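Q: A single structure is presented below for examination.
The values are calculated or read from the model by the stated rules, or taken from the named source; none is laboratory data. Just so we're clear, the structure is a prediction, and the values are computed from it rather than from any experiment. Cβ placement follows ideal geometry from the backbone for every residue including glycine, while neighbour counts extend to all protein chains displayed.
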Amino acid sequence: MDNTSINSVTNADTVLTGDRPSGCLHLGHYVGSLRNRILLQNKCKCYLLIADVQALSANFDQPEQVKQNVVEVCKDYLAVGIDPTKTTIFIQSMIPELTELTVYAMNLISVARLERNPTVKAELQTKSFADNITSGFLNHPVSQMADITMFKATAIPVGEDQLPLLEVSNEIVRRFNNIYKTDVLKECRGILSDVTRLVGIDGKAKASKSLRNAIMLCEEPKDLKDKVFSMYTDPNHIKVSDPGRVEGNVVFTYLDAFWDDKDEVTDLKKQYEKGGLGDMTLKSMLHNCLSHILEPIREKRASISEKNVYDVLFEGTENARKVASETLRQVKDVIGLVYSD
Ligand code: TRP
């Protein structure tokens, strides 16, 4: 069995995932991780962390925005079907133990190793630090290691681009366990979704809120329609009877990701390549399919109040903090940082 597939997760695993609260979630998040999280919560213990501390490192001058985004992200979780009685949803900044573990872990990894990390490098290109990279930003992989190991998580559903961060995490864990002769911290593996990257409606880049090429989970019906009908297809497919290209055609990418009957999509592709299948027909099909998925999510989201969200978050955080303080106690114990008279 593929070690990185969702099928490899058993009830002996502990799953932990996290998102930086950067606003409402979109269909890329849905296929890339939310769908898996919903399945996994029925299989084993699941933690879901809202990484507000991490978000603050790039938005330290906009704390109000980060705070509001915590609420929006949590609303999306509840609306898509993450069940707080099965998944412990919590706020990173409300667990100071995470920061403490991060500091101990920082001793076990070099700055050079962090700078070489492909995930860090890729993200740096999207930021405007110039030569002023903050140590907080560079330290993300270490803080992520603390998030994971604090809950002894073994299976981490992530996008492919995040796998190098898990390598850093495991490297620190091995050093820690080796130096302090312990097995308190656990190594983890990444769990990849079948669709790890959903392209945006423009076909140019990964779907992202900031590029405005994503379909949001809370998209209004009219905007959903506009977005689907403006999707990039094959610019040379002008008449219905023309043969069309499937590769790079965003409508097909989305049908692959969302249409349940895969054989039907295969037939549509054949027909499209031969000629005789119009973009409008395909876009209508996709629009129906996405409306079907998004309508209930939007309705549920509208019924969730800010008070509901905070109730869920405070309870989840309280439970998570109990686990965190026990792990931190074990960590300090093996390091030998226990003082008593
Ligand atoms: N780095 C993740 C992101 O960019 C968020 C995150 C923080 C995370 N801690 C984590 C993901 C631990 C998985 C495990 O959104």
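Q: Restricted to segment 159-214, and to residues that are touching a strand residue (DSSP E or B) at 6+ places or on another chain (Cβ under 7 Å) and of a type in the set (D, E, K, R), which residue is nearest to F258 (Cα to Cα)?
A: Only one residue tops the list, namely R197.
Q: Please tell me if V158 is aliphatic (A, V, I, L, M), crowded, with 17+ Cβ neighbours inside 10 Å, in contact (Cβ under 8 Å) with a residue 12 or more places away in the chain and more than 10 Å from the ligand (Cβ to nearest atom).
A: no
Q: Identify all residues within segment 228-270 that are among the acidic types (D, E) and touching a residue at least 60 places away in the same chain (Cβ under 8 Å); write none if there are none.
A: D256
Q: Only residues that are within 30 Å of I38 (Cβ to Cβ) and either assigned to a loop (DSSP other than H, G, I, E, B) or more than 9 Å from the ligand (Cβ to nearest atom) (or both): list them for segment 124-155, please.
A: Correct list: T126, V142, T149, M150, F151, K152, A153, T154, A155.
Q: Name the residue that is farthest from I297 (Cα to Cα), counting only residues in segment 158-205 that are of a type in the set (K, R) and at pLDDT 90 or above.
A: Among those that are of a type in the set (K, R) and at pLDDT 90 or above, it is K181.
Q: Separate question: If a residue has to be farther than 19 Å from L165 by Cα and part of a helix (DSSP H, G or I) to count, how many in segment 18-50 make the cut?
A: Number of matching residues: 11.
Q: Further question on the same structure: Can you name the residue in segment 161-192 that is in a strand (DSSP E or B) and surrounded by fewer than 22 Cβ atoms within 10 Å (Cβ to Cβ) and is also nearest to the ligand (Cβ to nearest atom) among such residues?
A: Within segment 161-192, the match that is nearest to the ligand (Cβ to nearest atom) is G190.
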